[in-house]
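Enquirer: The structure is given below, and queries will be raised subsequently.
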Amino acid sequence: MFLSKRRIVLFGVIGALVITIILLPRIQYFVNAPDVNVIDFNLAAVNISNISNNTNNIELSLLFDVYNPSDKSATTSKVEYDLFGDNKLLGHGVLSYEDIPLNGRPQFSPGQTTTLKSDIILQPSDMNRDIIEKLISNSSDSVNSIRWNVNGSSQIESAFVILEKDFSDVL
């Protein structure tokens, strides 16, 4: 008999190898990560969310605009940053999506800008006392009069790759 079980398995394996070889360039396209160097993180806005009169803690809301000019989609699982006001370290913030499935995280679509929102609580100290007083005294004008700066890093993910992207911006 021409089509024995062994020949059927052999033809199946050969067929799978041929299909893999033919589709290999397309598979590599999806496996390769986007160029994280071109993804741009910008500090778009700093707003006061809440001022606690009892403790003088101030909750700030930061908006990051993330622009992806590459031709591949990406997402992030974590953004860590240090916030500076008038060149004084005010605090460390973390925006984490690690417990969210990949398809529920913010998408950095090709050629589009995605906005990420992060909240950070400023606690009074000797180093940031003048910034805290400025924010408490006149919230709307004082936010705009402060020179905001962030330095941080983000984990950029695609289908099979996680890469680190450092960023820095001034507002």
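Enquirer: Assign unit charges at the C-beta atoms only (+1 for Lys and Arg, -1 for Asp and Glu), then state the dipole size of the chain relative to its Cα centre in Debye, rounded to the nearest 20. Walk me through the numbers before you get to the answer.
Expert: Values: 13 positive and 19 negative charges, 262 e Å.
The dipole of the chain has a size of about 1260 debye.
Enquirer: Right, another one. Ignoring ligands, DNA and RNA, what percent of the accessible area of segment 49-171 is carbon or sulfur (1.4 Å)? Walk me through the intermediate numbers first.
Expert: Working: 2920 of 6450 Å².
Its accessible area is 45 percent carbon and sulfur atoms.
Enquirer: Compare the Cα positions of Ile21, Phe64, Ile51 along the charge dipole of segment 1-133 (+1 at Cβ of Lys, Arg; -1 at Cβ of Asp, Glu; about the Cα centre) and return the one farthest towards the positive end.
Expert: Ile21
Enquirer: Using every Cα-Cα pair within segment 62-149, state what percent have a distance larger than 20 Å.
Expert: Details: 1781 of 3828 pairs.
Tail of P(r) above 20 Å: 47 percent of Cα pairs.
Enquirer: Residue farthest toward the positive end of the dipole of segment 16-171, with Cβ of Lys/Arg at +1 and Asp/Glu at -1: which of Ser142, Gly85, Leu171?
Expert: The one lying farthest along the dipole's positive direction is Leu171.
Enquirer: Return one whole number: the accessible area per residue of the chain in Å², for a 1.4 Å probe. Intermediate values should be presented prior to the final figure.
Expert: Working: 10240 Å² over 171 residues.
Accessible area per residue, the chain: 60 Å².
Enquirer: Let me ask something additional. For the chain: lysine pairs with Cα atoms under 30 Å, gap of 8 or more or different chains, count?
Expert: Within the chain, the lysine pair count is 10.
Enquirer: Now, a different point. Quick check: residue separation of Arg26 and Ser125 times 0.36 nm, minus the Cα distance between them. What number comes out in nm?
Expert: On the way: separation 99, 0.36 × 99 = 35.64 nm, distance 5.51 nm.
Full-extension gain reported as 30.1 nm.
Enquirer: Then there is this: In Å, the Kirkwood hydrodynamic radius of the chain over pairs of distinct alpha carbons?
Expert: Working: mean 1/r = 0.0525 Å⁻¹.
Mean inverse Cα-Cα distance, inverted, gives 19.0 Å.
Enquirer: Something else now. Quick one: the Cα spread of segment 39-97 along its three principal axes, in angstroms, biggest first?
Expert: Computed over the Cα atoms, the extents are 49, 25, 16 Å.
Enquirer: How much net charge surrounds Tyr97 when only other residues with a Cβ under 11 Å from its Cβ are counted (Lys, Arg +1; Asp, Glu -1)?
Expert: Numbers: positive: Lys78, Arg105; negative: Glu98, Asp99, Glu157.
Net charge around Tyr97: -1.
Enquirer: Between beta-carbons, use under 9 Å as the cut-off and find the net charge around Leu62, counting Lys and Arg +1, Asp and Glu -1. Display every interim value, and only then the final one.
Expert: Working: positive: Lys117; negative: Asp119.
Taking every other residue near Leu62 into account, the sum is 0.
Enquirer: If you don't mind, there's one more thing I want to ask. Can you work out the FRET efficiency for the pair Lys88 and Thr113, with r the C-beta to C-beta distance and R0 = 35 Å, to the nearest 0.05? List each step's numbers first, then the result.
Expert: Numbers: r = 29 Å, r/R0 = 0.83.
The calculated FRET efficiency here is 0.75.
The values are calculated or read from the model by the stated rules, or taken from the named source; none is laboratory data. From a predicted model like this one, the values you see are computed outputs, not experimental measurements. Note: ideal-geometry Cβ built from the backbone for every residue, glycine included; neighbour counts use all protein chains shown. These accessible areas exclude ligands, DNA and RNA; they are computed on the full protein's heavy atoms, side chains included. Shrake-Rupley method; radii C 1.70, N 1.55, O 1.52, S 1.80 Å.
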